[in-house]
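What follows is calculated from the coordinates using simple rules that are stated; it is not laboratory data. Quick caveat: nothing in here was measured; it's all calculated off a predicted structure. Here Cβ is always computed from backbone atoms with ideal geometry, including for glycine, and neighbour counts include all displayed protein chains.
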Amino acid sequence: MENLTFDLGDQPVRALNHYLHSPAEALLGKHVTVVNPDGAHSIAVGVNAAVKVTIEGHAGYYAAGMNKFADITIEGSASTGVAENMMSGRVHVKGFASNGAGASAHGGLLVIDGDAGLRCGISLKGADIVVGGSVGSFSGFMAQAGRMVICGDAGDALGDSLYEAVIYVRGAIKSLGADAQIEPMTEADITGLAALLKDAGMGHDPHAFKRVASARTLYHWNADANQEY
């Protein structure tokens, strides 16, 4: 694997992203290391190639956004919107993630070793998100498809207005959002969750998790409900 280094202390983020937007065949087998990120925004966004990227430090807003095919590791923490609208590939945050992690992500795997802030997985559309710690309020809000795994606790209004996404929680849930309910874990849940935890490098027992899914009462608007659901 060919290794290249971009020093954001000397080079702008634009230069890094320009390189990462090279034709997919030109990036195949490359490992790009980003040093001195110092919380810069939009690091490694819009990557559309099977390239490996390691960010040695903290990343600002929207790191690894719109990722497709790439394997991106952030050695520190990430600010708002990490892996936002990710399509495929893998994004691994070894620290903590701020608000909106994995927002609208369509595919791939987002792993956060630490905690995640508010609205983790908002409008999730098919990706898998595994959080090693806890998540803030309104996580999984309007999540349409995909899976969220929370190895710690969940804040208020978890899974508010869920559609077909499923949330697995190991710790305490402060409150469930509208139309979210706890359901029994099936054998398919246990098998799928065990594989997902292994892929994310988490050693928890899948039997220790609770399943949160939609009660499906919000699928159709009821004029007689007086906004009471």
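Taking only Cα atoms, what is the 0 to 90° angle, nearest 10, from helix 187-200's long axis to the longest principal axis of the chain? Approximately 20 degrees, to the nearest ten. Expressed to the nearest 5 percent, the antiparallel share of DSSP beta bridges inside region 2-214 is 15 percent. Computed over Cα pairs, the Kirkwood radius of region 2-214 leads via Stokes-Einstein (1.567 mPa s, 4 °C) to a diffusion coefficient of 77 µm² per second.
Measuring between alpha carbons in the structure, the pairs from LYS94/LYS198; LYS68/LYS125; LYS94/LYS125 lying more than 21 angstrom apart are LYS94/LYS125. At an R0 of 45 angstrom, the distance between the Cβ atoms of ILE190 and GLU56 translates into a FRET efficiency of 0.75. Working note: 222 nm ellipticity from helices only, DSSP H runs with n ≥ 4, each -39,500 (n - 2.57), summed and divided by the residues of the chain, gives -3000 deg cm²/dmol to the nearest 500. Take every pair of alpha-carbon atoms less than 8 Å apart whose residues are at least six positions apart; their mean separation over the length of region 2-214 yields a relative contact order of 10 percent.
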